[in-house]
1. When the dipole is taken about the Cα centre of the chain, and only Lys, Arg (+1) and Asp, Glu (-1) are charged at their Cβ, what size is it in debye, to the nearest 20?
2. At a Cα cut-off below 13 Å, give the aspartates and glutamates reachable from LYS60, other chains included and same-chain residues fewer than 8 away excluded.
3. Sorted from fewest to most neighbouring beta carbons within 10 Å, what does the list LYS153, LYS263 look like?
4. Specify which residue in the list PRO171, THR9, ASN27 is farthest towards the positive end of the charge dipole of the chain, using unit charges on the beta carbon of Lys, Arg (+1) and Asp, Glu (-1), about the Cα centre.
5. What is the gain in length, in nm to one decimal, between ASP123 and ALA30 on full extension, counting 0.36 nm per residue of separation less the C-alpha to C-alpha distance?
6. With labels modelled as points extended 7 Å from the Cα through the Cβ direction, what inter-label distance (nm, one decimal) is found for LYS239 paired with ARG283?
7. Tell me the label-point distance for the pair GLU107, PHE44, using the 7 Å Cα-to-Cβ offset, in nm and rounded to one decimal.
8. Can you list the HN-Hα couplings for region 106-117, worked out from phi with the Karplus curve (6.51, -1.76, 1.60; θ = phi - 60°), rounded to whole Hz and with x for Gly and Pro?
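Laboratory data are not the source of any read-out in this text; all were calculated from the coordinates shown. Values in this document were obtained by computation on a predicted structure and should not be read as measured data. Cβ placement follows ideal geometry from the backbone for every residue including glycine, while neighbour counts extend to all protein chains displayed.
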Amino acid sequence: MRNTVFIHTNPKQAVGALVARHALIRNSAAPERFDVRIIDTSDFPAFGRYEGRSYLREGKHAVWRNDDLQSFTPLRFAVPELMGYAGRAVLTDPDIFALADINHLLERDMGSAAVLARQMPADSRRPLHYASSVMLLDCARLRHWRWEEDFDKTFRGERDYRDWMWLLLEPPGSVAPLEPEWNDFDRLTPQTRLLHNTHRRTQPWKTGLPVDYTLRERGPFDFLRRWTNRHYQEHPDPKQEALVYSLLADLLDTGEVTREELKAEMAANHVRHDSLRLVDRYRGWQLLDAVA
C-alpha cells in the first residue's frame, strides 16, 4: 500500500482541507510517491449517534456537537483501520499547510515507535503529552486503534477524551517525539515544515466571522473572554494570511475550486466574506521572499 496523508475535516473546514492538500502536492518533489485523502465527518455515519450526548473530557461531562469547528478530531484514530493496518500514513488537521516535502516525514526511520508526534511539555495544569494534530503512523503497529469503539468509551465514561487526544493511553515507548517544525504552531520561519494555524480564533480564512467553536477558556475572567472573543480575530502574522490565500488562488486558477463554490462557502460563514478580494491580492505571492 502506498504511503498516504490523511487530512481529516468537517464541512466547516472543507476549504482549509483543500488548501492543505494542494500545499502537500505543490511542495513535494515527488508527489507520485504518496496519496492524499480528505476524510470528512459527513462520510462517517457514526457521528450521528453522538449528537447532543454527554462525554468525558478533562474529568468533566461535556456535550458533543457535530457542528463544532473541531468535531473531526476522533477521525485521527481511524487512519490505521482505513489503511488496513498496513503501511505508513501521516495524519494532519485541515488547518496545517506543508512548506516542505512530506516524503521526508513519511519515509523517515521511526525506530521502534508506532507513532511520531510533537511532544508538549508538562506544566501546572497538564502532564507531558503529545499533539495528535500531526502524526506519523506505522499502521501495522496500531491494530488496537478502533476509533468507533474508543470514541464510544468516552460517552460511557470509560476513557477521557483529552487523554485519548493527547496519546496518554498508548503503550509505554510506542510514541516518540517529532520535531516541532513538523507541527509549527502559528510560527512561520525558514525551518517550518508544516505550518499549523492552531489558534482557532486567528485562523486567517475566518477573520471577522462569528466564532463557531466551543470556547473552553478557564480562570477568573472566563465570562469576559467569552464575551470579547465572539468573532475571529486577525492573525498577528500577515505572512500566514498571504500563504493561505496564495494557495487558494492556485486552486481557483486551476478550477479545483470555482468562484461559485467559494462564494457558497462565504455565504455559509465557513470562510471570511472578503476571500475573493484576498485571492486577487495574494495571487502569485512568494513564500521564499517573505521568510528569507
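1. On the way: 41 positive and 43 negative charges, 141 e Å.
Rounded to the nearest 20 debye, it is 680 debye.
2. GLU158, ASP160, ASP163
3. On the way: LYS153 18, LYS263 14.
If I rank by nearby Cβ atoms, fewest first, I get LYS263, LYS153.
4. Farthest along the dipole direction, towards plus: PRO171.
5. Working: separation 93, 0.36 × 93 = 33.48 nm, distance 4.03 nm.
Length gained between ASP123 and ALA30: 29.4 nm.
6. In this crude label model, LYS239 to ARG283 measures out at 2.5 nm.
7. Placing both labels 7 Å beyond Cα along the Cβ direction yields 3.0 nm.
8. Using θ = phi - 60°, the values come out as 4, 9, 7, 6, 9, x, 9, 7, 8, 9, 10, 8 Hz.
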